[in-house]
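Have a look at the structure below before the remarks.
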Amino acid sequence: MSRVAPWMWTPVAQDLRFARGHHSCTPVGGRLYLYGGVKSSDPAAPPLEDIVIFDPEKNAAESVPGGAGVFRRSHHDGVVLGDRWLCVVGGWDGSRRLSSVFSYDTETGEWAPWAEEPHSIPPAGLSAHTCTKVSEQELCVVGREGGVRTQRRYASVYTLRVNASAKTYSYKEEEPHTASRSGHCAALLWAHPGRRDGRSLYVFGGRESEAADWIGHWKTGKVKDDPSPSPRLSEQLSHLVSSGKAKREAPRSLRHHSCSVVGPFLVVFGGESLSRSRDAVCGDLYICDTRCTPMSWFRFPGSDPLHRRVAHRTCLLNDRLYLVGGFGADGRTPCREIFVLDVYEEQK
(Lines give C-alpha, C1' and ligand atoms only; values in the text may rest on other atoms or scores of the structure.)
Protein backbone atom coordinates (compact mmCIF):
# COMPACT_ATOMS: atom_id res chain seq x y z
CA MET A 1 0.00 0.00 0.00
CA SER A 2 1.35 3.45 -0.90
CA ARG A 3 0.53 6.86 0.48
CA VAL A 4 -0.82 9.68 -1.67
CA ALA A 5 2.18 11.93 -0.99
CA PRO A 6 5.58 11.48 0.67
CA TRP A 7 4.93 14.33 3.11
CA MET A 8 2.09 15.70 5.19
CA TRP A 9 1.23 18.24 7.89
CA THR A 10 0.29 16.50 11.13
CA PRO A 11 -1.69 18.49 13.73
CA VAL A 12 -0.09 18.74 17.17
CA ALA A 13 -2.12 21.50 18.88
CA GLN A 14 -5.26 23.58 18.46
CA ASP A 15 -6.17 26.80 20.22
CA LEU A 16 -8.17 29.88 19.24
CA ARG A 17 -5.23 32.02 20.38
CA PHE A 18 -3.16 30.64 17.49
CA ALA A 19 -5.74 31.90 14.96
CA ARG A 20 -4.02 34.88 13.33
CA GLY A 21 -2.16 35.90 10.21
CA HIS A 22 0.67 38.28 9.32
CA HIS A 23 2.22 37.54 12.71
CA SER A 24 5.72 36.47 13.72
CA CYS A 25 6.75 33.16 15.26
CA THR A 26 10.13 32.92 16.96
CA PRO A 27 11.76 30.02 18.84
CA VAL A 28 13.20 30.96 22.24
CA GLY A 29 14.34 28.48 24.89
CA GLY A 30 12.59 25.49 23.34
CA ARG A 31 9.25 27.28 22.95
CA LEU A 32 7.50 29.14 20.12
CA TYR A 33 6.57 32.78 20.64
CA LEU A 34 3.65 33.93 18.45
CA TYR A 35 3.41 37.69 18.42
CA GLY A 36 0.96 40.17 16.90
CA GLY A 37 -0.75 39.76 13.57
CA VAL A 38 -4.43 40.15 12.74
CA LYS A 39 -7.52 38.01 13.30
CA SER A 40 -9.09 39.00 9.97
CA SER A 41 -8.03 39.66 6.38
CA ASP A 42 -10.07 42.87 6.48
CA PRO A 43 -7.61 45.77 5.95
CA ALA A 44 -9.40 47.67 8.72
CA ALA A 45 -8.79 44.91 11.27
CA PRO A 46 -6.72 46.22 14.21
CA PRO A 47 -3.38 44.49 14.81
CA LEU A 48 -2.91 42.35 17.90
CA GLU A 49 -0.34 43.05 20.61
CA ASP A 50 -0.34 39.86 22.65
CA ILE A 51 2.14 36.99 22.71
CA VAL A 52 1.09 33.34 22.80
CA ILE A 53 3.79 30.94 23.97
CA PHE A 54 3.53 27.33 22.80
CA ASP A 55 5.57 24.63 24.54
CA PRO A 56 5.75 21.56 22.24
CA GLU A 57 7.12 19.31 24.97
CA LYS A 58 4.20 20.03 27.29
CA ASN A 59 1.74 20.65 24.44
CA ALA A 60 0.59 23.72 26.34
CA ALA A 61 0.02 27.39 25.51
CA GLU A 62 0.02 30.51 27.64
CA SER A 63 -0.81 34.14 26.89
CA VAL A 64 1.20 37.26 27.60
CA PRO A 65 -0.73 40.56 27.49
CA GLY A 66 0.55 43.41 25.37
CA GLY A 67 1.61 46.90 26.31
CA ALA A 68 -1.72 48.75 26.61
CA GLY A 69 -2.01 49.40 22.86
CA VAL A 70 1.54 50.70 22.46
CA PHE A 71 2.95 47.58 20.80
CA ARG A 72 0.24 46.60 18.32
CA ARG A 73 1.82 45.19 15.15
CA SER A 74 1.10 43.14 12.06
CA HIS A 75 3.10 42.63 8.85
CA HIS A 76 6.24 43.00 11.00
CA ASP A 77 9.26 40.77 11.46
CA GLY A 78 11.20 39.68 14.50
CA VAL A 79 14.36 37.95 15.65
CA VAL A 80 15.68 36.69 18.97
CA LEU A 81 18.77 38.34 20.44
CA GLY A 82 20.91 36.90 23.21
CA ASP A 83 18.61 33.88 23.45
CA ARG A 84 16.42 36.19 25.48
CA TRP A 85 15.02 39.31 23.78
CA LEU A 86 12.28 39.00 21.20
CA CYS A 87 13.15 41.97 18.99
CA VAL A 88 10.35 43.32 16.74
CA VAL A 89 11.20 45.50 13.73
CA GLY A 90 8.73 47.67 11.82
CA GLY A 91 5.21 46.70 10.85
CA TRP A 92 1.69 48.09 10.69
CA ASP A 93 0.12 49.57 13.83
CA GLY A 94 -3.39 50.01 12.38
CA SER A 95 -2.84 53.43 10.84
CA ARG A 96 0.74 53.64 9.55
CA ARG A 97 3.86 51.73 8.64
CA LEU A 98 6.60 52.00 11.21
CA SER A 99 10.35 51.38 11.24
CA SER A 100 10.74 51.55 15.01
CA VAL A 101 12.12 48.73 17.17
CA PHE A 102 11.00 47.32 20.52
CA SER A 103 11.52 44.12 22.46
CA TYR A 104 9.96 41.65 24.85
CA ASP A 105 12.26 40.17 27.49
CA THR A 106 11.41 36.47 27.79
CA GLU A 107 13.13 36.29 31.19
CA THR A 108 11.56 39.29 32.94
CA GLY A 109 8.36 39.73 30.90
CA GLU A 110 9.24 43.37 30.20
CA TRP A 111 8.14 45.24 27.06
CA ALA A 112 10.48 48.07 26.07
CA PRO A 113 10.66 50.59 23.21
CA TRP A 114 14.17 51.11 21.84
CA ALA A 115 15.86 54.45 21.25
CA GLU A 116 17.01 55.40 17.77
CA GLU A 117 20.58 56.66 17.63
CA PRO A 118 21.14 60.22 16.29
CA HIS A 119 23.06 59.18 13.17
CA SER A 120 20.41 56.67 12.08
CA ILE A 121 18.71 57.21 8.70
CA PRO A 122 15.58 55.04 8.92
CA PRO A 123 13.14 54.03 6.18
CA ALA A 124 9.88 55.99 6.09
CA GLY A 125 8.06 52.88 7.23
CA LEU A 126 8.09 49.12 6.85
CA SER A 127 5.47 46.41 6.35
CA ALA A 128 5.51 42.93 4.81
CA HIS A 129 9.31 43.22 4.84
CA THR A 130 11.96 40.77 6.06
CA CYS A 131 14.44 41.19 8.89
CA THR A 132 17.27 38.66 8.86
CA LYS A 133 19.65 38.17 11.76
CA VAL A 134 23.29 38.18 10.68
CA SER A 135 24.75 38.51 14.18
CA GLU A 136 23.76 39.71 17.64
CA GLN A 137 24.56 43.26 16.54
CA GLU A 138 23.54 43.28 12.86
CA LEU A 139 20.26 42.65 11.06
CA CYS A 140 19.47 43.02 7.37
CA VAL A 141 16.11 44.58 6.44
CA VAL A 142 14.65 44.20 2.93
CA GLY A 143 11.23 44.88 1.45
CA ARG A 144 8.25 47.16 1.36
CA GLU A 145 9.20 50.64 2.46
CA GLY A 146 7.42 53.97 2.59
CA GLY A 147 4.26 55.64 3.80
CA VAL A 148 0.74 54.35 3.29
CA ARG A 149 0.48 55.72 -0.28
CA THR A 150 4.05 54.99 -1.34
CA GLN A 151 4.59 52.45 -4.11
CA ARG A 152 8.25 51.95 -5.05
CA ARG A 153 9.70 50.18 -8.08
CA TYR A 154 12.67 49.07 -6.04
CA ALA A 155 13.34 47.99 -2.49
CA SER A 156 16.07 49.47 -0.37
CA VAL A 157 18.39 47.28 1.68
CA TYR A 158 19.16 48.45 5.21
CA THR A 159 21.70 47.34 7.76
CA LEU A 160 20.11 47.63 11.18
CA ARG A 161 22.63 47.87 14.02
CA VAL A 162 21.16 46.81 17.35
CA ASN A 163 22.28 46.79 20.98
CA ALA A 164 19.93 44.63 23.03
CA SER A 165 21.36 45.51 26.42
CA ALA A 166 21.29 49.27 25.76
CA LYS A 167 18.03 49.00 23.75
CA THR A 168 19.26 51.22 20.90
CA TYR A 169 19.22 50.84 17.12
CA SER A 170 20.50 52.55 13.99
CA TYR A 171 19.60 52.17 10.29
CA LYS A 172 22.02 52.51 7.38
CA GLU A 173 20.87 52.28 3.77
CA GLU A 174 23.15 50.10 1.68
CA GLU A 175 24.23 50.60 -1.92
CA PRO A 176 22.34 47.81 -3.70
CA HIS A 177 18.63 47.97 -4.43
CA THR A 178 16.43 45.04 -5.38
CA ALA A 179 13.22 44.71 -7.33
CA SER A 180 10.26 45.94 -5.31
CA ARG A 181 8.95 43.15 -3.09
CA SER A 182 6.25 42.76 -0.47
CA GLY A 183 5.29 39.61 1.38
CA HIS A 184 8.51 37.89 0.30
CA CYS A 185 10.87 35.73 2.34
CA ALA A 186 14.61 35.89 2.97
CA ALA A 187 17.20 33.25 3.83
CA LEU A 188 20.89 33.08 4.66
CA LEU A 189 22.34 30.22 2.63
CA TRP A 190 25.83 28.81 2.26
CA ALA A 191 27.40 30.70 -0.63
CA HIS A 192 29.31 27.81 -2.22
CA PRO A 193 28.51 24.09 -1.94
CA GLY A 194 31.22 22.29 -0.03
CA ARG A 195 32.92 25.52 1.05
CA ARG A 196 31.98 26.95 4.42
CA ASP A 197 33.47 30.38 3.72
CA GLY A 198 30.36 32.34 4.49
CA ARG A 199 26.71 32.77 3.70
CA SER A 200 24.72 34.83 1.23
CA LEU A 201 21.31 36.40 1.73
CA TYR A 202 18.68 35.71 -0.92
CA VAL A 203 15.09 36.95 -1.11
CA PHE A 204 12.32 34.94 -2.78
CA GLY A 205 8.80 35.80 -3.91
CA GLY A 206 6.85 38.97 -3.23
CA ARG A 207 6.47 39.75 -6.93
CA GLU A 208 5.47 38.08 -10.20
CA SER A 209 8.71 36.26 -10.87
CA GLU A 210 10.52 33.09 -9.86
CA ALA A 211 13.87 34.90 -9.75
CA ALA A 212 15.66 35.28 -6.43
CA ASP A 213 17.58 38.44 -5.58
CA TRP A 214 21.07 38.15 -4.10
CA ILE A 215 21.38 40.76 -1.35
CA GLY A 216 24.86 40.32 0.10
CA HIS A 217 27.54 38.02 1.42
CA TRP A 218 29.05 37.68 4.89
CA LYS A 219 32.16 35.70 5.75
CA THR A 220 31.94 32.87 8.24
CA GLY A 221 33.53 34.83 11.08
CA LYS A 222 30.90 37.55 10.82
CA VAL A 223 27.80 35.40 10.60
CA LYS A 224 26.76 34.44 14.12
CA ASP A 225 23.20 33.34 13.44
CA ASP A 226 23.82 29.61 13.13
CA PRO A 227 20.65 27.67 12.31
CA SER A 228 19.38 25.03 14.68
CA PRO A 229 20.87 21.58 14.07
CA SER A 230 18.36 19.37 12.30
CA PRO A 231 20.05 16.09 11.30
CA ARG A 232 16.90 13.96 11.21
CA LEU A 233 14.80 16.36 9.14
CA SER A 234 17.75 17.19 6.86
CA GLU A 235 18.22 13.50 6.11
CA GLN A 236 14.52 13.11 5.39
CA LEU A 237 14.53 16.06 3.00
CA SER A 238 17.61 14.65 1.28
CA HIS A 239 15.76 11.39 0.62
CA LEU A 240 12.71 13.33 -0.52
CA VAL A 241 14.48 15.41 -3.18
CA SER A 242 16.34 12.34 -4.49
CA SER A 243 13.20 10.17 -4.67
CA GLY A 244 12.24 11.29 -8.15
CA LYS A 245 8.73 12.13 -6.94
CA ALA A 246 8.94 15.87 -7.59
CA LYS A 247 9.06 18.19 -10.56
CA ARG A 248 12.05 20.51 -10.81
CA GLU A 249 10.27 23.81 -10.46
CA ALA A 250 10.97 27.01 -8.50
CA PRO A 251 8.18 28.87 -6.69
CA ARG A 252 6.78 31.62 -8.89
CA SER A 253 4.64 34.69 -8.18
CA LEU A 254 4.06 33.91 -4.51
CA ARG A 255 3.62 36.29 -1.60
CA HIS A 256 2.90 35.89 2.09
CA HIS A 257 4.33 32.36 1.98
CA SER A 258 6.81 30.93 4.48
CA CYS A 259 10.40 29.76 4.30
CA SER A 260 12.73 28.01 6.72
CA VAL A 261 16.34 26.91 6.41
CA VAL A 262 16.80 23.24 7.34
CA GLY A 263 20.46 22.26 7.06
CA PRO A 264 21.41 22.60 3.37
CA PHE A 265 17.76 22.94 2.33
CA LEU A 266 15.35 25.85 2.05
CA VAL A 267 11.73 24.84 2.65
CA VAL A 268 9.01 27.10 1.18
CA PHE A 269 5.33 26.45 1.81
CA GLY A 270 1.98 27.93 0.81
CA GLY A 271 1.36 31.55 0.00
CA GLU A 272 -0.88 33.48 -2.36
CA SER A 273 -0.34 33.22 -6.10
CA LEU A 274 -0.10 36.62 -7.77
CA SER A 275 -0.93 35.07 -11.15
CA ARG A 276 -4.35 33.73 -10.15
CA SER A 277 -7.56 35.67 -9.66
CA ARG A 278 -9.39 32.69 -8.13
CA ASP A 279 -8.26 29.83 -5.89
CA ALA A 280 -5.09 31.81 -5.23
CA VAL A 281 -4.10 30.33 -1.84
CA CYS A 282 -1.59 27.52 -2.35
CA GLY A 283 -0.64 24.40 -0.43
CA ASP A 284 2.46 23.27 -2.30
CA LEU A 285 5.78 22.43 -0.69
CA TYR A 286 8.98 23.61 -2.39
CA ILE A 287 12.43 22.43 -1.38
CA CYS A 288 15.61 24.12 -2.58
CA ASP A 289 18.75 21.98 -2.47
CA THR A 290 21.79 24.25 -2.01
CA ARG A 291 24.31 21.40 -2.17
CA CYS A 292 24.57 21.73 -5.95
CA THR A 293 25.42 24.56 -8.33
CA PRO A 294 23.14 26.15 -9.31
CA MET A 295 20.68 25.58 -6.50
CA SER A 296 17.92 23.13 -7.47
CA TRP A 297 14.23 23.59 -6.68
CA PHE A 298 11.76 20.73 -6.27
CA ARG A 299 7.97 21.14 -6.13
CA PHE A 300 5.77 18.74 -4.15
CA PRO A 301 2.06 19.53 -4.77
CA GLY A 302 -0.18 19.69 -1.73
CA SER A 303 -2.80 16.96 -1.59
CA ASP A 304 -5.07 18.36 1.12
CA PRO A 305 -6.94 21.65 0.41
CA LEU A 306 -7.50 22.05 4.15
CA HIS A 307 -3.77 22.72 4.56
CA ARG A 308 -3.56 25.63 2.13
CA ARG A 309 -2.15 28.65 3.92
CA VAL A 310 -1.33 32.31 3.42
CA ALA A 311 0.15 34.84 5.88
CA HIS A 312 1.34 31.94 8.06
CA ARG A 313 4.74 31.03 9.51
CA THR A 314 6.93 27.96 9.55
CA CYS A 315 9.42 27.64 12.38
CA LEU A 316 12.25 25.15 12.98
CA LEU A 317 12.59 23.95 16.56
CA ASN A 318 14.29 20.84 17.94
CA ASP A 319 14.61 19.20 14.51
CA ARG A 320 10.93 19.67 13.72
CA LEU A 321 9.31 22.13 11.32
CA TYR A 322 6.12 23.71 12.65
CA LEU A 323 3.35 25.39 10.64
CA VAL A 324 1.69 28.11 12.70
CA GLY A 325 -1.41 30.21 12.04
CA GLY A 326 -2.24 31.97 8.80
CA PHE A 327 -5.46 32.12 6.77
CA GLY A 328 -6.96 29.08 5.07
CA ALA A 329 -7.91 28.29 1.48
CA ASP A 330 -10.45 31.12 1.32
CA GLY A 331 -7.81 33.66 2.36
CA ARG A 332 -10.08 34.92 5.13
CA THR A 333 -10.51 32.28 7.85
CA PRO A 334 -7.73 32.31 10.49
CA CYS A 335 -6.37 28.86 11.32
CA ARG A 336 -6.12 27.85 14.96
CA GLU A 337 -3.99 24.73 14.49
CA ILE A 338 -0.28 24.12 14.79
CA PHE A 339 1.09 21.37 12.54
CA VAL A 340 4.42 19.61 12.21
CA LEU A 341 5.92 18.48 8.89
CA ASP A 342 6.19 14.71 8.56
CA VAL A 343 8.32 13.30 5.75
CA TYR A 344 8.39 9.56 5.13
CA GLU A 345 9.49 7.03 2.56
CA GLU A 346 6.77 5.56 0.39
CA GLN A 347 5.52 2.26 1.74
CA LYS A 348 4.92 -0.54 -0.77
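The values are calculated or read from the model by the stated rules, or taken from the named source; none is laboratory data. This is a predicted model, so every value here is computed, not measured. Note that each Cβ is placed from the backbone with ideal geometry, even for glycine, and that neighbours are counted across all protein chains shown. Heads up: the accessible areas ignore ligands, DNA and RNA and are worked out on the full protein's heavy atoms, side chains in. Shrake-Rupley method; radii C 1.70, N 1.55, O 1.52, S 1.80 Å.
Couple of notes before you dig in:
- Backbone N atoms of segment 105-132 closer than 13 Å to the 7 Å Cα→Cβ label point of E174 belong to residues 130-132.
- Using a probe of 1.4 angstrom and keeping all protein chains present, the accessible surface of the chain works out to 45 square angstrom per residue.
- Summed over qualifying helices (DSSP H, 4 residues or more, each -39500 (n - 2.57)) and divided by its residue number, the chain shows a 222 nm mean residue ellipticity of -1000 deg cm²/dmol.
- Cα-projected label distance for T10 with S242, points at 7 Å along beta-carbon direction, nm: 2.3 nm
- Accessible-area composition of segment 222-303, carbon plus sulfur, in percent [1.4 Å probe]: 46 percent
- Rounded percent of accessible protein surface that carbon and sulfur make up, segment 70-178, 1.4 Å probe: 46 percent
- For the chain, a Gaussian network of Cα nodes joined below 10 Å ranks E138, E210, E107 by mean-square fluctuation, and the top entry is E107.
- Relative pair counts by distance (%), Cα atoms of segment 5-64, 5 Å bins: 4, 17, 25, 22, 15, 10, 5, 2
- A Gaussian network model of the chain, with springs between Cα atoms under 10 Å, assigns the largest mean-square fluctuation among G302, G283, G198 to G198.
- Counted charge near W111, where neighbours are those whose Cβ lies closer than 10 Å (Asp, Glu -1; Lys, Arg +1): -3
- Summarising the overall dimensions of segment 1-100 from its C-alpha atoms, the Rg and Dmax are 15.6, 56 angstrom.
- Computed over the alpha carbons of segment 272-337, Rg followed by Dmax gives 13.7, 40 Å.
- In a fully extended conformation the segment linking R96 and A211 would gain 38.4 nm over its present Cα-Cα distance, using 0.36 nm per residue.
- Alpha-carbon geometry of segment 214-303: the Rg and the Dmax are 14.6, 47 Å, given in that order.
- Percent of Cα pairs exceeding the 29 Å cut-off, where the set is the chain: 34 percent
- Residue among R20, R181, R278 with the largest mean-square fluctuation in a Gaussian network model of the chain, springs linking Cα atoms under 10 Å: R278
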